[in-house]
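What follows is one structure encoded as structure tokens, with my remarks underneath.
The values are calculated or read from the model by the stated rules, or taken from the named source; none is laboratory data. All of these numbers come straight from a predicted model, not from anything done at the bench. Here the Cβ positions follow ideal geometry from the backbone for every residue, glycine too, while neighbour counts run over all protein chains shown.
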Amino acid sequence: MTYNEALNALNRAKAKANELEIPVTIAVVDLGGHLLALARLDSVYGVVDFAIKKAKTAIMFGVDSETMGTIISHAEVHGYGMLNSNGGLFTVAGGVIIKDETGKIIGAIASSGGTPEQDKEIALAGAHF
């Protein structure tokens with residue numbers, strides 16, 4: 001994922017957040033889970049780490065953060081290890097993978113600051129090419 005692709009995804013998600021009038025933080029990561037772009041909208045505090053961790057969770061497992069939460073809830077002790085690996089994961093709705101025009105996974109985007117459903121809607125707006 002290039003920086004420009006990340007910025008475009010971020011801008012699409014910001015537009016959706018502004019349309020919904022929800023102050024959120026949005027994070028975009030590359031295939032390695034490294035932060036490429038971040039926006040903390042006005043009046044939102046304390047959720048920067050949540051957005052980054054949701055995006056990392058999605059890219060690490062190739063599924064959205066909400067789906068990973070369902071998987072981990074059935075994993076017992078292994079779920080604990082998964083949640084606490086790699087600096088911690090966050091398995092609440094709002095982190096989704098980004099695919100290019102050919103369907104190849106190139107990164108992930110996440111939103112945090114709204115309800116889980118709102119965060120997912122905002123992230124999905126950013127993920128669509």
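Here is how the numbers come out for the structure above:
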quantity: Test result for residue 96, in contact with a strand residue (DSSP E or B) (Cβ under 8 Å, 6 or more places away or on another chain) and either at pLDDT below 75 or in a loop (DSSP other than H, G, I, E, B) (or both); calculated: no
quantity: Residues located in the stretch 14-43, provided they are in contact with a helix residue (DSSP H, G or I) (Cβ under 6 Å, 6 or more places away or on another chain) and part of a helix (DSSP H, G or I); calculated: 16, 17
quantity: In the stretch 92-128, residue surrounded by the most Cβ atoms within 10 Å (Cβ to Cβ) [restricted to those that are more than 14 Å from residue 65 (Cα to Cα) and among the acidic types (Asp, Glu)]; calculated: 100
quantity: Breaking point among (1) within 15 Å of residue 119 (Cβ to Cβ); (2) assigned to a helix (DSSP H, G or I); (3) modelled with pLDDT of 95 or more, for residue 50; calculated: (3)
quantity: The stretch 14-37 residues that are more than 15 Å from residue 96 (Cα to Cα), paired with ones that are buried (at least 21 other Cβ atoms within 10 Å of the Cβ) and aromatic (Phe, Trp, Tyr) (beta carbon under 8 Å, 6 or more apart); calculated: none
quantity: Set 5, 66: member being part of a helix (DSSP H, G or I), touching an Asp or Glu at 6+ places or on another chain (Cβ under 9 Å) and either more than 15 Å from residue 126 (Cα to Cα) or not β-branched (Val, Ile, Thr) (or both); calculated: 5
quantity: Search result, residues across the stretch 1-52 that are loosely packed, with under 14 Cβ neighbours inside 10 Å and of a type in the set (Gly, Ala, Ser); calculated: 15, 32, 43, 46
